[in-house]
Structure formats: C-alpha cells, structure tokens
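Below is one structure; the comments refer to it alone.
We did not get these values from a lab; they are worked out from the coordinates using the rules stated. Because the structure is a prediction, the values reported are computed rather than measured. Cβ: placed from backbone, ideal geometry, glycine included. Neighbour counts: every protein chain shown.
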Amino acid sequence: MTLAQTTADAARTIAAAGARWAAIEPQAVARMRLQNRFRTGLDIARYTARIMREDMAAYDADPSLYTQSLGCWHGFIGQQKLIAIKKHFGSTKRRYLYLSGWMIAALRSEFGPLPDQSMHEKTSVPALIEELYTFLRQADARELGGLFRDLDKAREGGNAIEEQRLLNAIDNYETHVVPIIADIDAGFGNAEATYLLAKKMIEAGACALQIENQVSDEKQCGHQDGKVTVPHEDFLQKIRAIRYAFLELGIDDGIIVARTDSLGAGLTKQIAFSKEPGDLGDQYNRFLDCEPVDAASLNGDVVINRDGQLMRPKRLPSNLYQFRAGTGEDRCVLDCITSLQSGADLLWIETEKPHIEQIAGMVDRIRAVVPDAKLVYNNSPSFNWTLNFRQQVYDAWAGEGRDVSAYDRARLMSIDYDDSELAAEADERIRTFQRDAAARAGIFHHLITLPTYHTAALSTDNLAREYFGEAGMLGYVRNVQRQEIRQGIACVRHQNMSGSDIGDDHKDYFAGEAALKAGGVHNTMNQFAA
C-alpha cells in the first residue's frame with residue numbers, strides 16, 4: 001500500500017479505539033509499518049522465492065540475464081553489500097546474498113575457527129539467516145526514515161514538487177531484502193535431520209537451500225581432498241525432505257540447489273542397494289573400482305555381481321570404497337540428472353578450476369535429458385584465478401601455433417608477467433567469465449563464497465601496517481575515513497547507520513516535545529552532514 005493508504009488504514013484503527021488512543025499519530029504508525037514491511041521470516045521466504053522464480057524464467061528466455069551474489073558471514077556485511085548495490089546500480093535486481101557454510105564454520109562457531117566439515121552448530125545457520133534479514137530490514141528502515149524526514153522538510157517549506165517526488169520515492173521504494181541462497185551442507189545428519197534444519201532455515205527467511213551429496217559425518221570442503229559421496233537414493237531422500245519442509249510451511253515455490261561433489265570425490269561409504277541391472281543403484285555401483293574374484297578366494301569380503309561375474313570392490317583401511325579413476329564427470333552428470341528429475345530446481349557442480357568448456361561439457365550432457373537445467377556456480381577464492389587463466393591463454397596460444405617462448409608456463413603467476421599481453425588477455429577472460437559462462441555453460445547464478453573473509457583480512461592488514469607504523473593516525477584517516485567521505489560511504493556516519501536517527505524518530509512519536517534526542521547540535525556526526 002502507499003503511504004496515504006497505510007495512513008488512512010492506521011487512522012481507522014486508531015479511531016475505532018476511541019479516546020484511549022488519541023495520542024497515537026496515524027502517519028507515524030504508517031511510517032513504522034512501511035519501515036517494517038516483512039513481519040516474519042516466512043513473509044521474506046515467500047517474497048524472495050517469487051523473485052528467484054521470476055529471475056529463473058527470465059534467464060531461460062535470455063541467458064544474459066544471469067544473477068550474482070557474494071557470500072557473507074555477518075548481518076552487517078550483507079547489509080553493506082545491498083546498500084552499496086543500491087548506491088552504485090540503483091536496483092537490487094538479479095543480485096542476491098550467499099550464506100556460506102565454510103564461513104559459518106570458520107567465523108561463527110562457539111568452538112572457534114573450524115574447517116568446513118559440518119562440525120559447527122547447525123543452529124548457527126538459521127541464526128545467521130535471521131541476522132542477515134534483520135540487518136537488511138534495518139537498512140530499509142534507515143533509508144525510508146531519511147525519506148520521511150526529507151518529506152517533512154519539503155512540507156514545512158511549502159515545496160509541493162519536492163513533496164510529490166518524495167511521496168513517489170516512498171510509494172515505489174525498493175527493499176534491501178533479496179533472496180539468500182543458504183548452505184545446508186550435507187544436511188547435518190539423515191533425512192529427518194535435514195528436514196528439521198531446513199524448516200528452521202526457511203522460517204528464518206531462506207527461499208533457496210543448497211545441499212550437497214557428501215556423507216554428513218565425513219563432509220569436506222568442496223575444494224579439499226578426501227570427499228566421500230552417498231548413493232543417489234540417500235541424497236534424493238534429503239532433497240525430498242527439503243521439499244516437504246517448504247510445502248509444510250507454505251513456501252510452494254521454494255528453491256532447492258542440488259550440489260554434486262563427485263568430480264573431486266573418489267570415495268563412497270556405501271555400496272548402493274540395487275534390485276535389478278540398470279537401476280540407479282546398479283549405475284552407482286558400476287563406478288566402483290572392482291576386481292574379479294572367485295568364490296574360493298573370498299574371506300569375509302563384500303562382493304557384487306556385475307554382469308554375471310563376482311567382483312570385489314576395492315575397500316580401503318578406512319572402510320571406504322573407491323571409484324574408478326576418470327569417472328568423475330560421468331558421476332556428476334548422473335547426479336545432476338537424477339536430482340533434477342527428483343525435485344531439485346538448480347544444480348551446483350563443484351569443480352577444481354574455473355574452466356568454461358569443462359563445465360559446458362557436462363551441462364550439454366545434462367541438458368540432453370533435462371533441457372532447462374541451470375547451474376549455480378562457485379567462483380571460488382580457492383581457485384588461483386590469475387594463474388588458471390594465464391595458463392588457459394598460454395595453452396590456447398600454443399594450440400594456435402603462436403610463439404609463447406617469452407613465457408614460462410610454470411611461472412605465469414610471477415609479477416614479471418603482470419604487464420604482458422598474455423596477462424591482459426587472461427584478465428579480459430576473467431572479466432567476462434560470468435557473462436560467457438552464463439551463455440555457454442548454463443550458469444544462472446554466479447557467486448563468490450568467501451569474498452568478505454578475504455577483504456576483511458586484506459583491509460585489516462593494510463590498516464595495521466599503517467596505523468602501527470610511521471603513519472600513525474594518518475594511516476586511518478587517509479586510508480579509511482577520508483575515503484569514506486570521498487566515496488560517499490554511508491558508514492562514515494556510523495551513529496546513523498546503527499539506527500540512532502531511527503531511535504530519534506521513535507522518541508518523537510512516543511514523547512513528542514519531551515523527547516530527549518541524540519541527533520542534536522552537539523552530535524559529532526553533524527561534522528559529516530555534507
């Protein structure tokens with residue numbers, strides 16, 4: 001509803017209460033309602049699921065309309081990203097947030113920093129979703145509060161044109177609340193545990209949950225060794241559990257992102273159950289690395305029947321079974337097809353390098369069965385992007401017969417090559433990677449999992465070097481505060497960002513002339529008013 005409609009609705013409610021509510025101002029109520037548009041996490045999940053579905057349909061029609069997000073580990077980080085997006089681009093359209101299990105493990109666990117192995121508290125995942133949306137809603141309240149104060153000034157000054165402009169801005173206000181793709185790891189247990197955690201995450205506001213096909217109690221980071229996958233039916237049970245959670249809570253268009261780690265996973269904990277040759281369990285088992293045996297040589301071994309021949313899967317001292325080398329891509333393709341056929345909406349293929357043709361080769365095979373298959377892709381900081389793309393350019397040039405004698409492929413990360421023609425072409429390929437991969441490899445959503453982990457470390461290192469060194473206080477003023485002022489970073493007025501002006505507005509509503517407000521003439525934030 002518009003401000004005028006919301007004010008009129010509040011006025012009717014207040015009038016119905018009679019003299020008891022006579023001191024309540026309808027316009028103040030209307031403003032507070034508009035500043036808190038989303039009452040519950042389920043309101044947010046419904047709203048953002050619709051946005052994602054519309055974006056997915058738009059991408060199907062035009063692959064240039066891909067979406068993006070950055071990972072966050074704190075509500076403030078997510079808030080500042082969306083404030084920056086609105087500031088620089090004017091709209092949040094096709095821009096989301098990603099909630100990384102890696103960053104929760106490393107930065108949010110009560111155990112302290114942990115590796116990405118699902119050892120952190122599962123409740124910390126929905127807690128971060130709720131925190132992110134709390135900060136995004138506060139960003140709405142802050143920005144709308146500024147518009148309301150400007151509206152009051154325009155009215156006091158009799159500026160009807162400015163008043164109408166501000167009313168239009170308020171009535172057509174774009175929220176900072178955007179979809180969050182949230183990492184549920186491998187579900188933190190069995191299908192029931194997955195369902196219970198999924199409900200908590202959805203209730204906190206998540207419209208999209210990403211689940212991977214690793215074993216819960218052996219889970220590893222997608223870019224580390226030792227990954228162990230589960231048979232398809234085990235994974236599909238968890239996909240169904242998440243769908244049930246969405247439907248139970250009334251989020252009928254919730255999104256499930258099915259992630260396969262099979263490309264880098266050489267191990268499985270279980271031999272799949274199979275009723276007949278060619279079924280899904282049999283297909284999984286055919287990837288196992290086996291050796292033929294005869295019954296007389298068996299001694300407590302596990303064997304399978306493969307085309308009439310007894311085969312002994314190779315079992316490691318860890319009691320895990322290994323897959324045949326070179327089967328990773330085939331397993332990924334089968335994982336993706338079965339996930340989409342069983343209720344998943346988007347795919348995530350964890351790769352060891354950012355190579356468009358590698359991804360596209362698998363997507364082409366998947367789309368031969370499921371034509372509208374779409375990916376979420378991890379533009380991971382675990383990749384050395386500079387080295388990978390310089391090597392890709394080197395290999396392409398060498399394949400074209402170009403002279404590459406000026407370059408040492410093993411040393412291409414060296415600063416010696418930073419101003420070279422090869423480095424320039426590699427950087428251009430990095431710049432257009434997301435656009436090119438969206439068009440060629442079916443990638444609907446590009447994300448960086450851990451960007452603010454790295455930016456926080458880099459900026460803190462730079463500040464510490466300056467502040468504790470010869471620059472002293474100038475190290476902060478020159479490189480932080482002065483840059484905030486020059487670049488128009490709202491946080492330079494940190495009291496305003498933390499909600500001080502919102503609190504003053506409320507004091508006006510609650511106490512009128514008796515209000516003791518923080519934003520008076522002696523507030524040092526006034527030094528940044530310009």
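Want the number for Asp43 to Gln164: 0.36 nm per residue separation, take away the alpha-carbon distance, what's left?
On the way: separation 121, 0.36 × 121 = 43.56 nm, distance 2.97 nm.
Taking Asp43 through Gln164 to full extension adds about 40.6 nm, to one decimal.
Amide H contacts of Leu375: Leu347, Ile443, Phe444, His445, each under 5 Å away and 5 or more positions distant or on a separate chain (H built 1.01 Å from N in the peptide plane; Pro and chain starts excluded). Of Lys275/Lys353; Lys81/Lys517; Lys122/Lys314; Lys199/Lys353, which ones are farther than 32 Å apart at the Cα? From Lys275/Lys353; Lys81/Lys517; Lys122/Lys314; Lys199/Lys353, over 32 Å: Lys275/Lys353; Lys122/Lys314; Lys199/Lys353. Taking the C-alpha atoms only, the angle from helix 3-17 to the longest principal axis of the chain is near 70 degrees.
Using the Karplus relation 6.51 cos²θ - 1.76 cosθ + 1.60 with θ = phi - 60°, the per-residue 3J(HN,Hα) values for region 427-433 come to 5, 5, 5, 5, 4, 9, 4 Hz, with x marking Gly and Pro. Which of the chymotrypsin sites (Phe, Trp or Tyr not before Pro) found in region 421-530 are in a DSSP loop and have at most 16 neighbouring Cβ atoms, other than their own, within 10 Å? Counting only loop positions with at most 16 other Cβ atoms within 10 Å, the chymotrypsin sites (Phe, Trp or Tyr not before Pro) in region 421-530 are Phe468.
Sites counted here are GluC sites (Glu not before Pro) in a DSSP loop (not H, G, I, E or B) having no more than 15 other Cβ atoms within 10 Å; the longest part of the chain that contains none of them is 175-351. Our coupling estimate for region 350-366, obtained by passing each phi through the Karplus curve with A = 6.51, B = -1.76, C = 1.60 and θ = phi - 60°, is 7, 10, 9, 7, x, 10, 4, 5, 4, 5, 4, x, 6, 5, 4, 5, 5 Hz, Gly and Pro reported as x.
Each residue of region 30-38 is assigned a 3J(HN,Hα), and the resulting list reads 4, 5, 5, 5, 5, 6, 9, 4, 9 Hz, derived from the Karplus form 6.51 cos²θ - 1.76 cosθ + 1.60 (θ = phi - 60°), x at Gly and Pro.
Between Leu310 and Val293, the built amide H atoms are under 5 Å apart, and every one of these is 5 or more places off in sequence or on another chain.
Checking the a/c ratio against 1.5 first, then a/b against b/c, what shape does the Cα gyration tensor give for region 20-60? Before the final figure, lay out the partial values.
Details: a/c = 7.10, a/b = 3.44, b/c = 2.06.
Prolate is the answer for region 20-60, as a/c is 1.5 or above and a/b outweighs b/c.
Label point of Gln341 set 7 angstrom out along Cα-Cβ; within region 277-308, amide nitrogens under 18 Å from it belong to 277-287. Sparse packing (at most 15 other Cβ atoms within 10 Å of the Cβ) combined with a DSSP loop state is found for the following trypsin sites (Lys or Arg not before Pro) in region 1-100: Arg39, Lys93. Between the amide H of Ile251 and any residue lying 5 or more places away or on another chain, no distance stays under 5 Å, with hydrogens modeled in the peptide plane.
Cross-link reach is defined here as a Cα-Cα straight distance under 26 Å, omitting same-chain residues fewer than 8 places apart; for Lys86 the lysines meeting it are Lys153. For the chain, a crude dipole built from +1 on the beta carbon of Lys and Arg and -1 on the beta carbon of Asp and Glu, taken about the Cα centre, is about 1140 debye to the nearest 20. What whole number of Å gives the distance from the Cα centroid of region 287-328 to the Cα centroid of region 35-111? Cα centroid of region 35-111 versus Cα centroid of region 287-328: 45 Å apart.
Counting other Cβ atoms within 10 Å as a rough exposure proxy, the listed residues Tyr96, Tyr394, Tyr244 run Tyr244, Tyr394, Tyr96 from fewest neighbours to most. Principal-axis analysis of the Cα atoms of the chain puts helix 500-511 at an angle of about 50° to the longest axis.
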